[in-house]
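The values are calculated or read from the model by the stated rules, or taken from the named source; none is laboratory data. Quick caveat: nothing in here was measured; it's all calculated off a predicted structure. Neighbour counts run over all protein chains shown; Cβ positions are idealised from the backbone, glycine included. Ligands, DNA and RNA are excluded from the accessible area calculation, which covers all protein heavy atoms including side chains. Shrake-Rupley method; radii C 1.70, N 1.55, O 1.52, S 1.80 Å.
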Amino acid sequence: MVRARATIADIAAEVGVSVPTVSKVLNGRVDVSEATRRRVEEALSRHEYRKPVGPRSGGAKATASRLIDLVFHQGDNLWSQEIINGVERISAPARVGVVLSGLGGAHRPPQEWIDDVMSRRPLGVLLVLSGLDERQRHQLHSRAIPFVVLDTQGNPPTDVPTVGSNNWNGGLVATQHLIGLGHRRIGVIMGPSDMLCSRARVDGFRSAHDEAGLPWDPSLVRWGEFAASSGYHQARELLERPDRPTAIFAGSDYVALGIARAAREHGLRIPEDLSVVGYDNLPITQWLNPPLTTVNQPLREMGSLATQMLLTLAEGRTPSSTRVDLMTELVVRESTAPPATT
């Protein structure tokens, strides 16, 4: 027997409040006591309440603002700007505004942010390198506010729409390139070890060695942040070793910038003394000296695809696919060369 879907009136009767009070909670209004809000939220979650959505519902689509919320784990760099450009490629022609939020390095937005979103009632939410806990996911579901995760920080539930790129392949092709040039001591300076993309890129690095029948040195694999400062400090340690690597695979183009500074301070030339491969293919990399060999991650395309997926969900339709990984490829420039002979 199929259980009937709970209505707002059912929720109100169960909690012992008025229908307008439940409606206020659903709409993110602040004129409800915290205790009442918590009881209503618990009932909404218990009944898996979801506001009707779709072109015939007259629900979320009729009342939602022509906005999407774009949330970055860290939003103050050129990497984020590439994604923003991709988002605007779709949102601007659709006459949809974009509200930007940065989490200052956190991977989960605070509850205050969720409250603001529910009050703002956007068409949907796009989360970059961040995600929602179970309670937050239900809060958005119950308000018929869809969300898409771009470049997942971890492994989200199977019903969460995601757009990413093939990070394992990126690590593989970067390392294969260096091995093909003759490098046998290859260092890695990656982002945080708790991020799925970091682990996948290092897995690709390992697989390239396995396929070539070559050993890899775990002590040359360093974890840090996707930042120039992290690349600089980690590279200084690697380059001070008597058995220093002849090449380094950087987890991002920003990390590669830090590696380049550390190499200069050690009197090493790129690529004559040290080869460096970056990751992301930010536009600035072709103007560096030397221009950076890097893995192209299609950030603009990822932003555009995730936005199109989000707008499709906001219309009450099902996207053709809700789990997408775009291809990565190596862009060879002048920062890599065969190792110097000794």
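Strands (runs of 3 or more DSSP E) wholly in the stretch 194-284 with at least 2 residues that are open to solvent by 30 Å² or more (accessible area, probe 1.4 Å) - which ones?
In the stretch 194-284, 221-223 are the strands (runs of 3 or more DSSP E) which contain 2 or more residues that are open to solvent by 30 Å² or more (accessible area, probe 1.4 Å).
Tell me, which helices (runs of 4 or more DSSP H) lie completely within the stretch 9-102 with 2 or more residues that are at pLDDT 90 or above?
Because the criterion is at least 2 residues that are at pLDDT 90 or above, the helices (runs of 4 or more DSSP H) in the stretch 9-102 that meet it are 78-91.
With respect to Thr158, is the statement that it is closer than 30 Å to Ala256 by Cα, open to solvent by 10 Å² or more (accessible area, probe 1.4 Å), out of contact with any Pro (no Cβ under 9 Å at 6 or more places or on another chain) and β-branched (Val, Ile, Thr) true?
No: the conditions fail for Thr158.
Can you give me the number of residues within the stretch 75-103 that are open to solvent by 70 Å² or more (accessible area, probe 1.4 Å) and under 22 Å from Tyr254 (Cβ atoms)?
4
Give Ser207, Ser193 a once-over and let me know the one that is polar (S, T, N, Q), out of contact with any Lys or Arg (no Cβ under 9 Å at 6 or more places or on another chain) and within 28 Å of Val149 (Cβ to Cβ).
That would be Ser207, the only listed residue that is polar (S, T, N, Q), out of contact with any Lys or Arg (no Cβ under 9 Å at 6 or more places or on another chain) and within 28 Å of Val149 (Cβ to Cβ).
List the pairs whose first member sits in the stretch 33-50 and is at negative phi, whose second member is open to solvent by 100 Å² or more (accessible area, probe 1.4 Å) and at pLDDT below 75, and whose Cβ atoms are under 6 Å apart, counting only residues at least 6 apart or on separate chains?
Nothing qualifies.
Residue check: is Ser320 of a type in the set (S, T, N, Q), under 30 Å from Arg66 (Cα atoms), in contact (Cβ under 8 Å) with a residue 12 or more places away in the chain and in contact with a helix residue (DSSP H, G or I) (Cβ under 9 Å, 6 or more places away or on another chain)?
When the stated conditions are applied, Ser320 does not pass them.
Residues are listed down the side, and each one gets a yes or a no for (1) small (Gly, Ala, Ser); (2) part of a helix (DSSP H, G or I):
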{"position": "Arg300", "(1), (2)": "no, yes"}
{"position": "Ala306", "(1), (2)": "yes, yes"}
{"position": "Leu311", "(1), (2)": "no, yes"}
{"position": "Thr318", "(1), (2)": "no, no"}
{"position": "Ala337", "(1), (2)": "yes, no"}
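Could you tell me whether Ser219 is more than 24 Å from Ile284 (Cβ to Cβ) and polar (S, T, N, Q)?
Yes.
Which one of these does Val332 not meet: (1) farther than 12 Å from Gly86 by Cβ; (2) of a type outside the set (Asp, Glu); (3) touching an Asp or Glu at 6+ places or on another chain (Cβ under 7 Å)?
Checking Val332 against (1) farther than 12 Å from Gly86 by Cβ; (2) of a type outside the set (Asp, Glu); (3) touching an Asp or Glu at 6+ places or on another chain (Cβ under 7 Å), the one that fails is (3).
Working carefully through the options Leu299, Leu310, find the one that is within 20 Å of Gly191 (Cα to Cα) and open to solvent by less than 60 Å² (accessible area, probe 1.4 Å).
Leu299
Report whether or not Ser198 is among the small types (Gly, Ala, Ser) and more than 13 Å from the chain's Cα centre (by Cα).
No, not satisfied.
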